[in-house]
Amino acid sequence: MFVKWLTKIVFCYKISVYMILKGNDTMGLTLTEKILKAHVVDGEFVKGNEIGIKIDQTLTQDATGTMAYLEFEAIGVPRVKTERSVAYIDHNTLQSGFENADDHRFIGSVAKKHGIYFSRPGNGICHQVHLERFGVPGKTLIGSDSHTPTGGGIGMIAIGAGGLDVAVAMGGGAYYITYPEIVKVELTGKLSPWVAAKDVILEVLRRLSVKGGVGKVIEYCGEGVKTLSVPERATITNMGAELGATTSIFPSDEVTLQFLKAQDRADVWQELSADEDAVYDAEVKIDLSTLVPQAACPHSPDNVKNFEEIGELKIDQVCIGSCTNSSFMDMMKVAHILKGKTVHPDVSLSIAPGSKQVLNMLAQNGALSIMIDAGARILESACGPCIGMGQSPNSKGVSLRTFNRNFEGRSGTKDGQIYLVSPETAAVSALTGYLTDPRTLGEMPAFEMPEHFTINDNMIALPASEEEMDSVEILRGPIIKPYPDTAPLVENIECKVSLKVGDNITTDHIMPAGAKILPLRSNIPAISKHCFAVCDEDFPSRALTLGKSIIVGGANYGQGSSREHAALAPLYLGVKAVLVKSFARIHRANLVNAGILPLTFANEADYDKIGQGDDIAIMGVRKAVEGGVCELTLTNKSKGVDIPVLCELTGRTKEIMLAGGLLDYTRESMK
């Protein structure tokens with residue numbers, strides 16, 4: 001059955017590509033629709049329907065990769081079936097014990113055995129390296145990291161997903177999304193000197209909010225696009241994740257070709273854009289020339305204000321880097337600002353170039369020396385402070401960061417005040433000790449994209465050949481534990497509410513990151529002890545004692561990272577269902593994959609009718625799901641009220657839930 005499934009995927013993919021190339025089926029299509037239509041292998045290509053798309057490339061990082069590869073092993077496919085799969089080491093690079101090093105060794109051995117390229121520690125941040133060395137316009141990419149949409153900067157459909165979805169894609173399976181709404185962001189004009197691409201995406205976030213992109217793809221068009229380099233475009237698509245968007249995308253044009261030529265990869269380029277008569281679901285217009293430097297204030301990426309609104313702000317720390325703003329061009333602007341100056345004595349400045357390529361080029365042209373002379377602390381090419389891996393600010397410290405998220409406690413300091421800004425703003429503020437408008441720097445020199453990047457892929461290990469793969473040993477350390485036990489969906493759910501939380505709960509709330517917790521990513525029993533610790537330290541022990549329970553939450557539940565541990569830890573702790581006002585896309589998918597029933601209130605006001613500790617019952621669950629019934633009745637026994645709740649599962653997600661999760665469903669498909 002599995003072989004027939006794969007054959008169908010390949011055949012349908014070839015037919016779809018033929019229709020696109022033939023040109024009979026592309027009039028009036030957006031760029032997003034063109035690429036999706038060329039990759040659809042299952043489902044009807046109709047707005048709002050679930051569609052399965054063929055995945056050309058995958059990526060993982062080490063915080064999510066260990067579990068993804070354990071899941072891939074459990075599926076039982078001997079070698080990846082994608083065009084290119086890459087495993088990156090960039091998150092858990094602080095080796096204060098054996099755990100991270102053991103995980104790196106495990107991932108490296110799995111990659112070698114199963115046909116996966118392995119980007120070794122020190123080679124750089126996954127999204128920066130993938131953009132440089134592997135991304136291809138017009139291809140599909142899913143990654144077990146929510147900022148995978150960075151690839152949209154060169155015209156890819158690049159989507160963040162849970163590790164199990166990535167494992168299935170590596171095995172040749174389709175990736176399923178709802179045919180999205182497509183929002184056109186028309187860019188006109190040109191950025192003023194010292195106004196940055198970061199200010200563009202902050203403006204989009206200010207207008208649309210962290211919920212504004214849910215179920216949507218953000219497609220950038222207009223004459224202003226031509227004024228933005230690929231690294232600038234990638235900054236914008238990277239932070240599209242903060243909108244809750246499925247992905248974001250720019251056209252592939254002469255600017256894209258220039259970038260790929262400089263990377264010795266011009267052969268993968270193709271010109272891609274929307275049809276002139278393409279129809280969009282919504283439109284946003286931004287005149288780049290009117291934008292000013294902005295900052296996302298604590299504790300949300302959409303809490304965006306200009307500097308006049310913020311006022312005088314003394315700072316304690318500046319961190320420059322992350323997958324959002326660590327490109328060579330970003331670093332050259334920072335070096336220019338720091339040249340011949342000294343970091344303010346009250347400020348700690350750290351800089352993390354995004355890749356070995358960037359770091360090498362800075363060393364070769366003297367920019368690295370400028371940064372060091374100014375007093376910057378140079379970090380390795382990795383995620384570092386963005387994921388809470390070091391450089392936590394002082395208590396109540398104000399930290400300016402060129403990162404993508406400023407959720408409360410994410411920095412490692414619970415009362416840290418984190419502002420998201422451009423590299424230009426960060427660098428000049430590090431010198432003054434206050435949040436400073438970079439336009440005060442005066443005339444801005446022309447920063448030109450290199451005609452040729454320094455290319456050395458010696459830190460990317462190639463997989464073993466098919467003849468050699470059987471002799472490769474998988475190296476497992478003692479920290480690595482198997483996937484949690486799952487079971488088919490039960491007929492009735494009768495239990496207590498183990499936790500009630502409010503709106504905008506992030507995956508950092510559910511499953512925190514940081515140097516103490518990240519090393520436990522391959523050990524679900526151990527990491528589950530930290531589940532929801534930010535909200536309620538007693539939750540893990542309470543949930544285990546209850547044996548089974550449900551969680552109640554507010555709107556936009558599960559926003560942020562793609563980490564499937566935010567579903568796997570509750571699964572281990574006995575959570576059977578999560579009932580909320582609304583879900584973030586990736587987390588809802590991860591709950592379904594884990595076999596946890598995702599429910600929403602039919603009437604949001606009913607949120608107030610249920611509390612932590614209440615006894616609840618939802619009867620006839622399995623029968624309702626089998627029959628396609630989307631409304632169930634939750635009885636709150638403690639308060640004596642019935643609450644209508646929605647269980648909206650499509651044909652495929654219904655089957656996944658009935659089976660007990662995606663892993664069980666995939667195993668059944670292979671029989």
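Throughout, read-outs are computed from the coordinates displayed, never taken from laboratory work. Nothing here was measured: the structure is a model prediction, and the numbers come from that model. Methodologically, a virtual Cβ is constructed for each residue, glycine included, from the backbone with ideal geometry; neighbour enumeration extends over all protein chains shown.
Overview of results
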read-out	value
Projected label distance in nm at M619 and T432, using a 7 Å step from Cα toward the beta-carbon	6.7
The chain - charge dipole about Cα centre, Lys and Arg +1 at Cβ, Asp and Glu -1, debye rounded to 20	980
Per-residue HN-Hα couplings for the stretch 438-445 [Karplus 6.51, -1.76, 1.60; θ = phi - 60°; Hz; x = Gly/Pro]	x, 5, 6, 6, x, 4, 9, x
Residue-averaged 222 nm ellipticity for the chain, from DSSP H runs of 4+ at -39500 (n - 2.57), nearest 500	-9000 deg cm²/dmol
Placed amide H near A555: partners under 5 Å, 5+ positions off or other chain	D503, N504, K581, S582
Mean shadow area of the stretch 318-452 over all directions, Cα convex hull, nm²	7.5
Nearby lysines by direct alpha-carbon distance to K261 (threshold 21 angstrom, same-chain neighbours under 8 apart not counted)	K139, K226, K356
GluC sites (Glu not before Pro) lying in DSSP loop within the stretch 253-344, provided at most 13 other Cβ fall within 10 Å	E271, E276, E312
Highest average packing first - 503-514, 285-296, Cβ atoms within 10 Å	503-514, 285-296
Modelled FRET efficiency - R0 60 Å, D608 with D267, Cβ distances, 0.05 increments	0.50
T188-L441 FRET efficiency (beta carbon distance; Förster radius 25 Å; 0.05 resolution)	0.50
DSSP-defined antiparallel bridges as percent of all bridges, the stretch 493-670, nearest 5	50
Computed magnitude of the charge dipole of the stretch 543-611 (debye, nearest 20; Cβ of K, R +1, Cβ of D, E -1)	140
Listed peptides 331-337, 586-592 by packing density, highest first (mean Cβ within 10 Å)	586-592, 331-337
Among G222, P193, L31 the positive-end extreme of the charge dipole of the stretch 2-289 (Cβ point charges)	L31
Set of lysines with alpha-carbon distance to K637 below 26 Å, sequence-local pairs under 8 removed	K496, K500, K548, K576, K581, K609, K623
Anisotropy class of the chain from Cα gyration tensor, a/c 1.5 cut	rounded
Peptides ranked, highest mean first, by Cβ atoms within 10 Å: ranges 462-473, 191-202	191-202, 462-473
Fewest-first sequence of F250, F45, F532, F106 by Cβ atoms within 10 Å of each Cβ	F45, F106, F532, F250
Whole-number percent relative contact order across the stretch 226-361, with pairs defined as alpha carbons under 8 Å at least 6 apart	20
Whole-Hz ³J(HN,Hα) from phi, Karplus 6.51 cos²θ - 1.76 cosθ + 1.60, for the stretch 333-348, glycine and proline x	5, 4, 4, 4, 5, 7, 4, x, 10, 10, 4, 3, x, 8, 10, 9
Listed residue (A624, A605, G502) projecting farthest to the positive dipole end of the chain, Cβ model	A624
The stretch 141-195-the stretch 635-658 distance, computed between alpha-carbon centres (Å)	30
Rounded to whole Hz, the Karplus (6.51, -1.76, 1.60) HN-Hα couplings of the stretch 368-375, x for glycine and proline	4, 4, 4, 4, 5, 4, 6, x
Cβ-based exposure ranking for V578, V255, in which fewest neighbours within 10 Å come first	V255, V578
The chain: relative contact order in percent, alpha carbon pairs under 8 Å with at least 6 residues between	14
DSSP bridge pairs, the chain: antiparallel proportion in percent, nearest 5	35
Exposure proxy order (Cβ contacts within 10 Å, fewest to most) of T653, T58	T653, T58
The stretch 413-459-the stretch 565-598 distance, computed between alpha-carbon centres (Å)	38
Bridge type composition, the stretch 2-289 - antiparallel percent by DSSP, nearest 5	20
Size of electric dipole in the stretch 189-260: Cβ of Lys, Arg +1 and of Asp, Glu -1, about Cα centre, debye, nearest 20	260
Span from the the stretch 31-66 Cα centroid across to the the stretch 95-110 one, whole angstrom	30
